[in-house]
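Student: Structure incoming, see below.
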Amino acid sequence: MAKGSAEPLPWNTRLKIAIDAAKDLTFLHSSEKSVIYRDFKASNILLDGSYNAKLSDFGLAKLGPIDGNSHVTTRIMGTYGYAAPEYVATGHLYVKSDVYGFGVVLLEMLTGLRALDTNRPSGEHVLVDFARPSLTDKRRLKKIMDPRLEEQYPIKGALLAGQIIIKCLEAEPKNRPSMEEVLETLQNISVIEIEPKKKAKARGNYNNNSNDNQRGHPHNRRSQSPLHSKHGDHNNGTRARRYHY
């Protein structure tokens with residue numbers, strides 16, 4: 001995840017983007033007639049010059065279930081790697097199908113890797129499949145965190161993010177949290193500060209880390225895939241950028 005074409009986004013900026021996107025989904029889901037976004041992915045998050053995020057491209061959005069129904073049935077559309085398993089398998093679309101997609105994007109923000117990348121080694125093509133087991137273990141989580149963060153993140157916050165990702169990726173829609181719950185968790189994570197020792201260590205190791213990345217950091221061997229900002233629409237006179245891979 002990078003700003004412009006090279007410099008990686010810091011932890012706090014990534015979290016800010018996630019929180020803004022979660023607010024938009026929360027609004028859609030809690031409106032009088034709930035709306036299912038259906039195609040939540042990083043490239044549909046639009047940013048302004050201050051990295052305020054808004055959802056774009058509502059072409060696949062669908063009104064939520066009515067009359068006490070739990071889901072709507074529709075033609076399967078969306079993006080593989082982000083689409084919820086129940087939707088891919090049956091065409092049944094739940095409000096919490098969006099929550100699954102949000103979990104995938106949040107995982108991308110932590111790792112800096114694409115949801116789907118066939119250039120990665122066998123068994124690692126689908127990010128959710130190979131990264132999920134590492135999300136609740138501190139030592140394993142550190143190994144899959146984006147190395148370009150240079151450990152400039154609170155490990156407690158990263159673990160909490162891992163826990164909410166696990167919940168978002170539950171196989172059964174009813175077991176996933178609401179976007180309101182996800183938003184509250186992210187806001188709680190945002191107030192956790194980076195430990196002072198980590199800040200000092202990162203400053204001291206900056207050059208070494210840069211050289212390690214160039215020589216072939218493990219993330220590079222997994223086809224490291226930063227999110228880049230791309231000039232896109234104009235909104236109220238502000239040039240906007242769209243995340244894409």
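Student: So how far apart, in nm, are the two label points at GLU181 and LYS33 if each is 7 Å from Cα heading toward Cβ?
Tutor: 2.8 nm
Student: For PHE130 and GLN163 in the same chain, what is the full-extension length gain: residue separation times 0.36 nm, less their Cα-Cα distance, in nm? Display every interim value, and only then the final one.
Tutor: Values: separation 33, 0.36 × 33 = 11.88 nm, distance 1.56 nm.
Gain on stretching PHE130 to GLN163: 10.3 nm.
Student: Using the per-residue mean of other Cβ atoms lying within 10 Å as a proxy for protection, in what order, highest first, do the peptides 98-109, 79-90 fall?
Tutor: Numbers: 98-109: 25.1, 79-90: 17.4.
My ranking of the peptides, most packed first, is 98-109, 79-90.
Student: Checking the table LYS16/LYS142; LYS96/LYS138; LYS23/LYS142; LYS143/LYS174; LYS54/LYS174; LYS96/LYS142 against a 23 Å threshold on Cα-Cα, which pairs fail?
Tutor: Working: LYS16/LYS142 21 Å; LYS96/LYS138 28 Å; LYS23/LYS142 28 Å; LYS143/LYS174 31 Å; LYS54/LYS174 26 Å; LYS96/LYS142 28 Å.
Cα-Cα > 23 Å for LYS96/LYS138; LYS23/LYS142; LYS143/LYS174; LYS54/LYS174; LYS96/LYS142; rest within.
Every read-out reported here was derived from the displayed coordinates using simple, explicitly stated rules and does not represent laboratory data. Since this is a predicted model, take the numbers as computed values, not measurements. When we count neighbours, we look across all protein chains shown, and the Cβ atoms used for this are built from the backbone with ideal geometry, even at glycine.
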